[in-house]
Amino acid sequence: MCGRYVVTKAVTDLLPDLLGDFEDLPDDYNVAPTESVPVVRERHGEKSLVPASWGFRAAWMDEKKKRPINARIETVATSGMWRRAFATSRCIVPALGYYEWTVTPTGKQPHFIHEPNGALAMAGVLGVWPDPTKPEDDPDRWRLSMAVITRDAHVAPGEVHDRMPACLTPDAFGDWLDGDLSPDDLLHLLDRSSAAVAEQLTHFEVSRAVNSVRNDGPQLIEPL
């Protein structure tokens with residue numbers, strides 16, 4: 001799964017095809033669910049970098065319902081939870097890398113997983129929901145949320161967890177965002193590109209300070 005990740009200003013330069021037209025991303029070395037995060041979406045033929053809360057919520061969902069942070073590639077095109085968002089509201093979540101944990105006799109050990117000399121374009125789906133504190137005619141009433149799509153991690157050398165984010169290669173960015181492909185073709189695109197990215201990933205152990213979402217800073221991704 002993907003439950004914590006890293007985004008930094010460096011990602012802007014590392015993903016020029018995706019982010020070259022936008023301002024630098026903020027530094028956050030311990031992005032956690034419920035945070036507002038930058039994502040790239042496309043509407044009416046125009047690409048934009050927008051904030052979305054990490055934890056999917058569609059307008060039809062009960063306010064008290066738990067907001068899932070991940071969607072499985074195996075069911076994202078068919079499940080009632082995700083089907084509409086997958087068909088019409090996809091996004092890309094830029095990241096420098098992400099964290100996963102192994103269980104050791106002394107506790108949970110975090111690993112930083114990344115592509116050396118590169119950055120990750122994680123595939124996501126967007127949910128739109130109305131802010132109940134704003135009037136119905138307020139154009140700023142609608143809020144964005146997102147979930148990261150995950151896949152089987154056994155395609156990655158030396159995998160740490162059994163699930164991993166499904167990431168896109170640069171040649172797939174346009175087709176993923178523009179909405180012209182069928183769901184079957186989108187799944188094929190995502191499976192192919194995410195398997196290619198997975199082959200390039202590496203990881204190393206990092207400080208257990210990552211385990212607390214209150215901790216932040218570049219020291220969190222320094223190898224032990």
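The values are calculated or read from the model by the stated rules, or taken from the named source; none is laboratory data. Everything numeric in this text was worked out from a predicted model, so none of it was measured. Neighbour counts run over all protein chains shown; Cβ positions are idealised from the backbone, glycine included.
Contact list please: Cβ distance under 6 Å, first residue in the stretch 148-160 and surrounded by fewer than 17 Cβ atoms within 10 Å (Cβ to Cβ), second residue assigned to a loop (DSSP other than H, G, I, E, B), pairs at least six apart or on different chains.
Cβ pairs passing all conditions: none.
Filter the stretch 169-184 down to the residues that are modelled with pLDDT of 95 or more, under 20 Å from residue 47 (Cβ atoms) and in a helix (DSSP H, G or I) and list them by number.
170, 171, 172, 173, 174, 175, 176, 177
When the residues of the stretch 79-129 are filtered to those that are polar (S, T, N, Q) and over 18 Å from residue 189 (Cα atoms), which remaining residue is farthest from the chain's Cα centre (by Cα)? Don't jump to the end; show me each part of the working.
Step one: list which residues in the stretch 79-129 are polar (S, T, N, Q), which gives 79, 88-89, 102, 104, 106, 109, 117.
Restricting the remaining residues to those that are over 18 Å from residue 189 (Cα atoms) gives 79, 102, 104, 106, 109, 117.
On the way: 79: 19, 102: 21, 104: 27, 106: 30, 109: 22, 117: 19 Å.
Out of the qualifying residues, it is 106.
Of the residues 135, 110, 157, 165, only one is farther than 23 Å from residue 39 by Cβ and modelled with pLDDT of 90 or more; which?
Working: 135 fails: modelled with pLDDT of 90 or more; 157 fails: modelled with pLDDT of 90 or more; 165 fails: farther than 23 Å from residue 39 by Cβ.
Only one candidate passes the filter, namely 110.
Scan 55, 20 and give me the residue that is of a type in the set (Gly, Ala, Ser) and on the phi < 0 side of the Ramachandran plot. Steps first, please.
Values: 55 fails: on the phi < 0 side of the Ramachandran plot.
Result of the check over 55, 20: 20.
Among the residues of the stretch 51-73 satisfying the criterion of being surrounded by fewer than 14 Cβ atoms within 10 Å (Cβ to Cβ) and of a type outside the set (D, E, K, R), which is nearest to residue 91 (Cα to Cα)? Even if it seems obvious, please write down each step before you answer.
As a first pass, look at the stretch 51-73 and keep what is surrounded by fewer than 14 Cβ atoms within 10 Å (Cβ to Cβ): 51, 59-60, 62-66.
Retained after the next criterion (residues that are of a type outside the set (D, E, K, R)): 51, 59-60.
Values: 51: 11, 59: 18, 60: 20 Å.
My answer is 51.
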